[in-house]
Every structure is written in structure tokens, then in C-alpha cells.
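Rule-based calculations on the coordinates, nothing more; no lab input. Computed from a prediction, not measured in an experiment: that's the story for all the values here. We place every Cβ from the backbone using ideal geometry, glycine too, and count neighbours over all the protein chains shown.
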Amino acid sequence: MGFLDALLGRRKLDAPAPDRLFAVSTAYVKFETELGVESRGSAAIVFQPLATSDFESIVSEMEEVVRATSADSGTTVETSDDSYGFRWLVLRGKDFDDLVVGVNAVSSALEAGGYGERVLCAVFAFEDKNKRPVYWIYNYKRGYFYPFVPAPGAAGSGSEGGSGSEGGTRDTERELVLKAQVGSELPVEPELERWFPLWGIPI
């Protein structure tokens, strides 16, 4: 089974796990105060677009809703398609909670419209004291987060989105340390083979 098949859950699985996305808001307090990890002011939800008017209408409406509700905090919304056919809806802003709420609003709208199976994951961008990128990825099908840390010089934080399994090397040791440090603050994916890398993350 390939990377995308596994992450998308194309094999028969149970219904998507209950949404535990908001746990990252609570965990962010620990990230900042204890781990020296800060938000880069961006997050994204990644999904497979569908060329139907209903699907496009839901996405378009949610973009407008997120823009309207986040206007006061200065959060912006943009979309781009990567070379694997996935769409990245990217939110940028200073208020981390607004980013989480915006991502959840989009995923909830897609789920309510019957398109929940097309949602790949949510990605939250952070950086450590040395300004190295650190990503926490939420797999909607599993209901778990996992860390992704591209090794220095790898393609994890490039300018073009990419949801594939190739692109560089990752700092697995750092990822395992992050898992241990986070402890019970986040529901972390227990099966390490499901910590799928995302190369060319545009945030």
C-alpha cells in the first residue's frame, strides 16, 4: 500500500475518528513555555478537490466564512494545488487559536457535506529556538497527530506544496524527542510507520 493510500485510508477502515484537532491549542501553551517551539503563524488543511459545483461551493463558502470571522485578527486565506492533485487551503495569522478554528471550520463543512473522506490532513507549522521548522500533522482518518521534522536542507518547508513520499530526509530522532516531550498533551499516533512525511510544505 502506497503513502497516499495509507494516509487517505483507501483500505477499508472504521469511520473517521472523533475530531481531536483542538488538542493542539492546549498543547501550544506547553510548546511555547516549556519546549521553546513557537508557531510560524500558518496552518493548512489538505484535501482532494472534486470537480463538482457542490464541492466547490462548500470550499468557496468556507473560505469566505474563515476570511470574515478572522478579519479582526488579520488572518488570511489562500489556496494552491500541489503536483499530486491535492489542494492546500492555507491560513496565515498571528493568533494560533484562530488558525485552529479556521482549519476545523473547513474540515467540518466538508464532513457535513458528505466529503469527509476527501480530507487528507491538517498541518500546523512551528519553529524551534534555532528557527528550524517543526510540523505537527493531524491525520483525520486516524484522529492522531504526529511530528514531522525535515532534516536541515531537506524539502519539508519549500515554496511548493507536496503530499508525496519523496523529497528529502527527516530528523527522526528529533521527532521521537518531540513525541516524548509532548506526553499526554496531544493524542499522538502510536504506530510510527504511520508518521508519513509531507515534502514541500508551503507553510
Packing rank of 114-123, 133-142, where each peptide gets the mean count of other beta carbons within 10 Å, highest leading: 133-142, 114-123
10 Å beta-carbon shell around S73, net charge (K/R +1, D/E -1): -3
Net charge, D171 excluded, C-beta distance under 13 Å - Lys, Arg +1, Asp, Glu -1: +1
